[in-house]
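The structure appears below as structure tokens.
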Amino acid sequence: MEFPPAVEELIGFLKQLPGVGRRGAERMALAVLEWDADMQKDFGSVISSLPEKTALCPDCGALSLPGKKCDVCGDVRRDHSQICVVETMSQLFAVEKGNYYHGCYLVLGGRISPLDGEDGSSLNIPLLLQRAADPETKEIILALSSDVEGRATAAFLAEKLAEFPVKVTRPALGLPAGANLSYADSATIAAAFSGRTGV
């Protein structure tokens, strides 16, 4: 038995979510179909309004309200001399859950991965270099995943940052080789940040 085209289209979109395969997408789509019509319309409305109701922070590339800085960049209590570079928003949230780091962030928006066609041209590297040139910035922490692409991206960024008078470090203790930072627990992240080393 085949699904109607509209349901197949929904399944196709759901499959693009992280960790969701065909069967999981089918279960989600069938669950949505069990909602009443008003709830389905509200769900569609929430998704369709995302481009108008969300934006990227002009200072770090994290999610924010349109025309506003994100909560971290707008917080005067944060240490604005430290910039923690992460690949994605999920990694930013993972670091925040560690409750150890109190500086600011820069979300790259991905990493260099030639096999996936990502050469770094679409990443927030110009914004990072702009922040590195700011006299207020004293340390840049390259908190990227420790897999092959993450290490290659960190090495590339360290080379770019070498011309600026900032300290460049990486989290050290506790992060296993090849692991994605998004999945590390808060205690592991706190240990990694407290033992960070020079690049």
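The values are calculated or read from the model by the stated rules, or taken from the named source; none is laboratory data. Owing to the predicted nature of the structure, the values given are computational and were not obtained by experimental measurement. FYI the Cβ positions are ideal-geometry reconstructions off the backbone, even for glycines, and counts take in every protein chain you see. Note: accessible area is taken over every heavy atom of the protein model, side chains too, but ligands, DNA and RNA are not part of it. Shrake-Rupley method; radii C 1.70, N 1.55, O 1.52, S 1.80 Å.
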Subject >> Unmet criterion (only one of (1) open to solvent by less than 20 Å² (accessible area, probe 1.4 Å); (2) assigned to a loop (DSSP other than H, G, I, E, B); (3) hydrophobic (A, V, I, L, M, F, W, C); (4) free of Cβ contacts under 8 Å to residues at least 24 places away in the same chain) for C73 >> reply: (4)
**OP:** Filter the stretch 97-110 down to the residues that are of a type outside the set (G, A, S) and out of contact with any strand residue (DSSP E or B) (no Cβ under 7 Å at 6 or more places or on another chain), then identify the one that is surrounded by the fewest Cβ atoms within 10 Å (Cβ to Cβ).
**Re:** N99
**OP:** Output the residues belonging to the stretch 56-70 that are assigned to a loop (DSSP other than H, G, I, E, B) and more than 24 Å from P135 (Cα to Cα).
**Re:** L65, P66, G67
**OP:** Go through (1) more than 17 Å from F193 (Cα to Cα); (2) surrounded by fewer than 20 Cβ atoms within 10 Å (Cβ to Cβ) one by one and return the number of the condition F93 breaks.
**Re:** (1)
Original post:
Of all residues in the stretch 76-101, which are more than 25 Å from F164 (Cβ to Cβ), among the polar types (S, T, N, Q) and outside any loop (DSSP other than H, G, I, E, B)?
Top reply: S90
**OP:** Run I189 past the list (1) modelled with pLDDT of 90 or more; (2) of a type outside the set (G, A, S); (3) crowded, with 19+ Cβ neighbours inside 10 Å and report the number of the one that doesn't hold.
**Re:** (1)
**OP:** Kindly indicate whether A6 is among the aliphatic types (A, V, I, L, M), more than 24 Å from A184 (Cβ to Cβ) and under 18 Å from the mean Cα position of the chain (by Cα).
**Re:** no
Original post:
Say we look at the stretch 1-32 and pick out the residues that are hydrophobic (A, V, I, L, M, F, W, C) and open to solvent by 90 Å² or more (accessible area, probe 1.4 Å); which of these is modelled with the highest pLDDT?
Top reply: F13
Original post:
Does the stretch 58-67 include one or more residues that are on the phi > 0 side of the Ramachandran plot and either open to solvent by 50 Å² or more (accessible area, probe 1.4 Å) or among the small types (G, A, S) (or both)?
Top reply: yes
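It is to be established whether one or more residues within the stretch 162-172 are touching a Ser or Thr at 6+ places or on another chain (Cβ under 7 Å), at pLDDT below 90 and not in a helix (DSSP H, G or I).
yes
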**OP:** State whether the residues of the stretch 37-55 include one that is within 29 Å of L129 (Cβ to Cβ) and surrounded by 13 or more Cβ atoms within 10 Å (Cβ to Cβ).
**Re:** yes
